[in-house]
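The values are calculated or read from the model by the stated rules, or taken from the named source; none is laboratory data. Predicted model only: the values in this text are computed from it and were never measured. Please note: Cβ atoms are built from the backbone with ideal geometry, for glycine as well, and neighbour counts cover all protein chains shown. Remember, those area values only see protein heavy atoms, side chains included, never the ligands or the DNA or RNA. Shrake-Rupley method; radii C 1.70, N 1.55, O 1.52, S 1.80 Å.
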Amino acid sequence: MAGIGVRLNQIFEKNSLISDLIGFGYSAVVTVAPMFLVIGNILLMGKVLGLSDVSYAPRELFSCTILYIFIFSLLTAAPFNAVLSRYMSDTIYEDRYEDIMPCFYLGLLMNAVTAFLLGVPFCLHEVFVGKLGVLYVFTGFCGYMALVLVFYSMLYLSICKDYKKISAFFFVGMAAAFCCALFLRLVCALPVTDSMLAGLVAGFILIACEEIAMIKRYFKKNSGRYRPVLAYFKKYWMLIVTNFFYILGLYVHNFVFWTTDLKMVVASSFVCAPSYDLASCIAMFTNISATVILISRLEMNFRDKYKGYSEAVIGGRGLDIRTAQKRMFRQLASELMTLARIQFIISVVIFLLCVVFLPQYGFSGLVMQIYPCLAAGYFTLFLMYSAIIFLYYYNDLTGALITATIFVATTFAVSVIATKLPEAWYGVGVVAGSLLGWCVAYFRLRWVERNMDVHVFCQGKLINYGRGVPEPSKVYDVKEARREARKREREAERMAESRR
């Protein structure tokens, strides 16, 4: 995330309302713009091609296909991306740029194989049980695989600080998707849903190709060292579990309600709960600005304090280290409180706008009954994620793992209980899981602050670990030493007698 800090400081240093709006817009463009481009393109295609005039069954099949493509592509990529990101960051820090392409190719293979093994059985179920057309199923499968590659390749460009290129690739890809959908509908006379799905898949493939081409352009050398990448999966297994549990926690409450009376089954294959899923989507967008605020403030404020502490550790006095540490943790507390205050104001305003205006556009009834509780839950969820990010800063993988585990377990358990509660409390699982996860992460950060010296200065080892026959545990034998001493004394006496 270290690529936008300088630019943001240049924008915000003018201290005017216009500069603040420009800075917020710039932050949004380089962080959440790809998601909004995809959603906006789907809405635009539906408006132009007349998706609302399509019969209910094909329309719901298209919606479920898009929903499954996004959710399960994120879940598929989650276990690998965190570890690969750590490996790539370490190689860049050590100036071993030739080791990045082995990491990229190995991660690409692992993501593709995992996605293939998970996607093929579901596609076969769609064809033989759901009785869907092979071409439609294959198109959806290609979209799923392409989106897995898009999310994976975004990881490398993000570490290279090329946020604007990511947004540009999505803009080009979604423009191509719109044109492709128009061509298939107006020229080839394909059904509306088939045209939209094929257009989106073509756009995702184009984005993936652009990202992979840019990565290969950045890193032209390949050392061929693949084994160190695999060693990172063993060394940082906590990152795998933490990232997967966090992504799973975002959707596990949806999965719970997919088993209730709210569920809808499409083509005997897709299961969803439209009212609950739509309320979740609106609640997430109510609080999505927290991501922009977090990244912006990390870049402008906290990163300098963290860098100052790191430099003090490397070559400063004890007094300098303690002073820098206090400044860093004061800034951390300030960032958490500022994020909560700003996001609370934004969320309240958006919540009121949604309550007033959404019913006029057909979003009413059960959706708006579920929405308030979920909005509160996602507000706390993004605060919890910011605390996890700070735990990553201090390499406290144990704390991050505990936070993510408690979050997903509590969200699942309370969501199961919430299915028996009134509709207004359906989202209490997200509230409980996020709140408990936030408390755990906060107190873990306080623990890190109290034990920072131990965490930084006592992580080394005097003897390197290795394979082979271990050294004997007994390093000194008193009796053997006395025998050796007496033996040396007798030898000295014999030599003295021989000289006489």
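Around L149, with a cut-off of 13 angstrom between Cβ atoms, what is the net charge of the other residues, counting Lys and Arg +1 and Asp and Glu -1? The partial results should precede the final answer.
Working: positive: none; negative: E210, E211.
It works out to a net charge of -2.
Note down the relative contact order for segment 198-329 as a percent, whole number, built from C-alpha pairs under 8 angstrom at least six residues apart.
With pairs under 8 Å counted, the relative contact order is 10 percent.
Work out how much length T398 to A481 would gain on full extension: take 0.36 nm times their residue separation and subtract the Cα-Cα distance, in nm to one decimal.
Gain on extension, T398 to A481, equals 25.3 nm.
Taking a ≥ b ≥ c as the square roots of the Cα gyration tensor eigenvalues, with a/c under 1.5 meaning rounded and otherwise prolate when a/b beats b/c, else oblate, which class fits segment 124-168?
prolate
As an exercise, find the ratio Rg/Rh for the chain from alpha-carbon atoms, using the Kirkwood inverse-distance average for Rh. Could the numbers behind the result be given before it?
Details: Rg = 28.3 Å, Rh = 25.8 Å.
Checking Rg against Rh, the ratio lands at 1.10.
Using a 1.4 Å probe on the protein heavy atoms only, what accessible surface does C209 show? Give it in Å² to the nearest 10.
Number for this one is 80 Å².
Can you find, among G224, A432, L44, the residue farthest towards the positive end of the dipole of the chain? Put +1 on the C-beta of Lys and Arg, -1 on that of Asp and Glu.
Of G224, A432, L44, it is G224.
Roughly how compact is segment 140-232, stated as its Cα Rg over 2.2 N^0.38 Å to two decimals?
Compactness ratio reported: 1.31.
Hey, got the dipole for the chain? About the Cα centre, +1 on K and R Cβ, -1 on D and E Cβ, debye to the nearest 20?
Working: 47 positive and 33 negative charges, 422 e Å.
Charge dipole, the chain, about its Cα centre: 2020 debye, nearest 20.
What accessible surface, in Å², does a 1.4 Å probe find on E94, ignoring ligands, DNA and RNA and rounding to the nearest 10?
Rounded to the nearest 10, that gives 100 Å².
Report the full-extension gain for the segment K263 to Y218: residue separation times 0.36 nm, less the Cα-Cα distance, to one decimal in nm.
Details: separation 45, 0.36 × 45 = 16.20 nm, distance 4.64 nm.
Full extension of this stretch gives 11.6 nm more.
Restricting to Cα pairs below 8 Å that are 6+ residues apart, what does the relative contact order work out to for segment 363-440? Please round to a whole percent. Don't skip to the answer; put the middle values down first.
Numbers: 97 pairs, mean separation 36.8, N = 78.
Computed value for segment 363-440: 47 percent relative contact order.
Pairing the Cα long axis of helix 318-357 with the longest principal axis of the chain, what angle in degrees results, from 0 to 90 and rounded to the nearest 10?
Between helix and principal axis, roughly 10 degrees.
Straight distance only, please: which lysines reach the Cα of K479 with their own Cα at less than 24 Å, same-chain residues fewer than 8 apart left out?
K487
For segment 185-242, just say rounded, prolate or oblate: build the C-alpha gyration tensor, square-root its eigenvalues into a ≥ b ≥ c, call rounded for a/c under 1.5, and beyond that prolate if a/b exceeds b/c, oblate if not.
On the way: a/c = 5.14, a/b = 2.10, b/c = 2.45.
Oblate.
Would you please calculate the Kirkwood hydrodynamic radius of segment 190-286 over all C-alpha pairs and express it in Å, rounded to one decimal?
Details: mean 1/r = 0.0554 Å⁻¹.
Answer for segment 190-286: a Kirkwood hydrodynamic radius of 18.1 Å.
Quick check: from the Cα gyration tensor, does segment 64-222 come out rounded (a/c under 1.5), prolate or oblate?
Oblate shape, in that a/c is at least 1.5 and b/c is the bigger or equal ratio.
Can you tell me the 0 to 90 degree angle between the C-alpha axis of helix 17-31 and the longest principal axis of the chain, rounded to 10?
80 degrees
In percent, how large is the relative contact order of the chain, given Cα pairs closer than 8 Å and 6 or more residues apart?
Averaging sequence separation for qualifying contacts and normalising by length gives 17 percent for the chain.
In whole Å, how far is the Cα centre of segment 172-217 from that of segment 477-500?
Distance between centres, Cα-based: 90 Å.
What pairs in K131/K263; K234/K305; K221/K305; K164/K220; K263/K420; K165/K220 have C-alpha atoms more than 23 Å from each other?
K234/K305; K221/K305
Measure out, as a whole number of angstrom, how far apart the alpha-carbon centroids of segment 42-56 and segment 384-455 sit.
Distance between centres, Cα-based: 39 Å.
What is the magnitude of the charge dipole of segment 106-241 about its Cα centre, with +1 placed on the Cβ of each Lys and Arg, -1 on the Cβ of each Asp and Glu, and no other charges, expressed in debye to the nearest 20?
Working: 13 positive and 5 negative charges, 164 e Å.
I would put it at about 780 debye.
Solvent-accessible area of H125, probe 1.4 Å, all protein chains present, reported in Å² to the nearest ten, please.
Accessible area of H125: about 70 Å².
Using just the helices of the chain, give the 222 nm mean residue ellipticity in deg cm²/dmol: DSSP H runs with n ≥ 4 each add -39,500 (n - 2.57), and the total is spread over all residues, rounded to 500. Don't skip to the answer; put the middle values down first.
Values: 19 runs with 391 residues, N = 500.
That calculation yields -27000 deg cm²/dmol at 222 nm.
Can you give the net charge of the other residues whose Cβ lies under 11 Å from the Cβ of H455, counting K and R as +1 and D and E as -1?
Every neighbour counted, the sum reads -2.
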